[in-house]
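**Student:** I am attaching a structure below and will ask some questions about it afterwards.
The values are calculated or read from the model by the stated rules, or taken from the named source; none is laboratory data. Just so it is clear, the model here is predicted, and its values are computed rather than measured. Positions of Cβ are backbone-derived with ideal geometry, glycine not excepted, and every protein chain shown enters the neighbour counts.
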Amino acid sequence: MTELVEEKPGVRVPDAMPTTTLGSLADALGSLAGGVLADDARATTIGGICVDSRTVRGGELFVALRGTAADGHRFVDEAVRRGAAAVIVEEAPPASSVPCLVVASSSQALALVAARYFGEPARALRLCGVTGTNGKTSTAHLVRSILRRGGGRFGLIGTLGHGIDELVKDPHTTPDALTLHELFSEMRDAGCVGVVMEVSSHAVRQHRTWGLDFEVGILTNVTHDHLDYHPDMEDYRAAKAEFCYSLAGSHRRKPDGTLVYWADDATARSIGEGFKGRRVAVGTSPDADCRVDGVEVSLERTRFALHLAGGEVMRVSMKLLGGFVPANAAVAAVATMAMGASAAQARAGLEAVDRVPGRFEPLGGGGRPVVVVDYAHTPDGFERVLATCRHLKPRRLLVVFGCGGDRDRSKRPLMGRIAQRECDRCYLTTDNPRHERVETIVADILTGMRRSDDVVVELDRGRAIRFAIAECGPGDMVAILGKGHEDYQLVGGEKQPWSDRKQAEEELAQWRAR
């Protein structure tokens, strides 16, 4: 299992940044750029790329991005004063003392010049991208475990971080384009033959993965999430489809990629059926190209059978737990076989993974209550995790959860309704409130709950976990949802240390049967 290490503070700055010319970077833009650079401008030496005018260093190329909070075009003059050797913009400034490249899209341009600046590292790597609302992280870990059985080194980029043998934590599921190509360069130079990465809808819309030729793309599902960023579900769906459809087309330098999707999800099926390239539908229905059946879930194992397109049946017994595990494992297996893995390698890779941090991690048991820590923070995620908990037939099921502040408010009552429907008691508490009052967040959750007699509001998350575990007897189960692997709480502008797992372990160590 890949180890997690602490996030490196500040901006990643290599010991020695490469240098190139503005002309070389401009050539990477193709038809995206308007106009022609003069010869002396083309010869301008570029010693770095920057998107934050406050951190520009002498000799760097400044790319003015239009962000959700600020427009980089307002800071072009500042970037030049700080020593930018050239700028990329969507609108030419009235006057500029440095060469200026005008492009149709700064975000697309950033991806292309970042790739060129770091020596086009992605061209030397086999890329597998995983997108979807839920299951991206687990699926990506499973894919890499399988691909490693072939003997090659594969990097990993996603929610838990980026790295090869150990993961460095990163605040973004998919890093910005500049960081992404720097990581590709480091992984290539470290001997990696490929990279498995999660692709978020934010990354698609912000063109972080623009120009990448994925060999295989995986679509797990598309359900309610990120409506604080996307204007509606149709836009969110379109972002997922955009990634999937980028797997084929004349824009690619490499042969068309293959799309593998979980066909039990209606939206994933619709997107998959609209894909014009090679596609493989994986699901439980008889018409799926590869079919899952015989699912058995316990607190010890997850078992299932995967019927492959050629008639072979792969019987799998996994250490990862949860009713949703077979779906993630099946698409991972099929995707890796599309990349050349054998069925035996796929099975061995699936069965080797014993933990994905914060994904249905069971604690306790053996005469004590069972506590499950999970990252579920969407309505669909709640349904999946709590359904698995119910399937395990606990005497009573309790849940501890909150909702993130400054994020999509529309999912809060939905999560409250699901939690109350599935559980015997609900503890409502804090979960990364950011700049919102926890009381306001909890009030939103309560609008989806019909009764109050099985709801406890305890705004201190530690106390909520303590009270929930303390009231349990043998055979009871507590699901602590929302934070999973996270080791912090975001309160206001402060990042406070916190771990659901650590808190639960401490409470279980002190638990005594009543």
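**Student:** For segment 212-220, indicate whether the set of residues that are closer than 25 Å to Gly47 by Cβ and under 18 Å from the mean Cα position of the chain (by Cα) is non-empty.
**Tutor:** Looking for residues that are closer than 25 Å to Gly47 by Cβ and under 18 Å from the mean Cα position of the chain (by Cα), one finds at least one in segment 212-220, hence yes.
**Student:** I would also like to ask the following. List every residue pair whose Cβ atoms sit under 6 Å apart, with the two residues 6 or more apart in sequence or on different chains, where the first one lies in segment 471-482 and is part of a loop (DSSP other than H, G, I, E, B) and the second, anywhere, is among the acidic types (Asp, Glu).
**Tutor:** Sorted first by the residue in segment 471-482, then by its partner, the pairs are Gly482/Asp431.
**Student:** May I pose another question? Could you tell me how many of the residues in segment 323-348 are surrounded by fewer than 24 Cβ atoms within 10 Å (Cβ to Cβ), touching a residue at least 24 places away in the same chain (Cβ under 8 Å) and small (Gly, Ala, Ser)?
**Tutor:** So the answer is 6.
**Student:** Name the residue, out of Val313, Val297, that is surrounded by 15 or more Cβ atoms within 10 Å (Cβ to Cβ), touching a Leu at 6+ places or on another chain (Cβ under 8 Å) and either on the phi < 0 side of the Ramachandran plot or not assigned by TED's automatic domain parsing to the domain that holds Ala266 (or both).
**Tutor:** Residue meeting the stated conditions: Val297.
**Student:** Please note which strands (runs of 3 or more DSSP E) are completely contained in segment 51-161 and include at least 2 residues that are more than 21 Å from Gln206 (Cβ to Cβ) and not polar (S, T, N, Q).
**Tutor:** Output list reads 153-158.
**Student:** Would you point out the residue of segment 395-422, among those that are among the basic types (Lys, Arg) and either assigned to a loop (DSSP other than H, G, I, E, B) or surrounded by 20 or more Cβ atoms within 10 Å (Cβ to Cβ) (or both), that is nearest to the chain's Cα centre (by Cα)?
**Tutor:** Checked segment 395-422; the qualifying residue nearest to the chain's Cα centre (by Cα) is Arg407.
**Student:** If you go through segment 251-280 one residue at a time, how many are of a type in the set (Gly, Ala, Ser), in contact with a Ser or Thr (Cβ under 9 Å, 6 or more places away or on another chain) and either under 20 Å from Leu127 (Cα atoms) or in contact (Cβ under 8 Å) with a residue 40 or more places away in the chain (or both)?
**Tutor:** Residues meeting the conditions: 3.
**Student:** Picking from Val370, Val385, which residue would you name as being aliphatic (A, V, I, L, M), out of contact with any helix residue (DSSP H, G or I) (no Cβ under 6 Å at 6 or more places or on another chain), outside the structural domain of Gly257 (by TED's automatic domain parsing) and surrounded by fewer than 23 Cβ atoms within 10 Å (Cβ to Cβ)?
**Tutor:** Val370
**Student:** Might you check whether a residue that is of a type in the set (S, T, N, Q) and assigned to a helix (DSSP H, G or I) occurs anywhere in segment 258-273?
**Tutor:** yes
**Student:** Follow-up. Checking the conditions here, which among Gly492, Gly462, Gly473 is in the same structural domain as Gly402 (by TED's automatic domain parsing), in contact with a helix residue (DSSP H, G or I) (Cβ under 9 Å, 6 or more places away or on another chain) and among the small types (Gly, Ala, Ser)?
**Tutor:** Gly462
**Student:** All but one of (1) of a type in the set (A, V, I, L, M, F, W, C); (2) touching a strand residue (DSSP E or B) at 6+ places or on another chain (Cβ under 9 Å); (3) closer than 18 Å to Ser53 by Cα hold for Ile157; which doesn't?
**Tutor:** (3)
**Student:** Does Ala111 meet the test of being modelled with pLDDT of 95 or more and either more than 30 Å from Asp264 (Cα to Cα) or not assigned by TED's automatic domain parsing to the domain that holds Lys169 (or both)?
**Tutor:** So Ala111 passes the test.
Each row is one residue, and each column tells you yes or no for (1) without any contact (Cβ under 8 Å) to a residue 24 or more places away in the chain; (2) more than 15 Å from the chain's Cα centre (by Cα); (3) within 28 Å of Ser106 (Cα to Cα); (4) surrounded by fewer than 23 Cβ atoms within 10 Å (Cβ to Cβ).
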position	(1), (2), (3), (4)
Ser138	no, no, no, no
Leu147	no, yes, no, no
Thr174	no, no, yes, no
Ser201	no, no, yes, no
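**Student:** Mind telling me which of the residues Ala239, Ala248 ends up being surrounded by 15 or more Cβ atoms within 10 Å (Cβ to Cβ) and outside any loop (DSSP other than H, G, I, E, B)?
**Tutor:** On inspection, the qualifying residue turns out to be Ala239.
**Student:** Considering only segment 435-461, how many residues are assigned to a helix (DSSP H, G or I) and buried (at least 16 other Cβ atoms within 10 Å of the Cβ)?
**Tutor:** Selection size over segment 435-461: 7.
**Student:** Which condition breaks for Gly365 when tested against (1) over 20 Å from the mean Cα position of the chain (by Cα); (2) at pLDDT 95 or above?
**Tutor:** Here Gly365 clears every test but (2).
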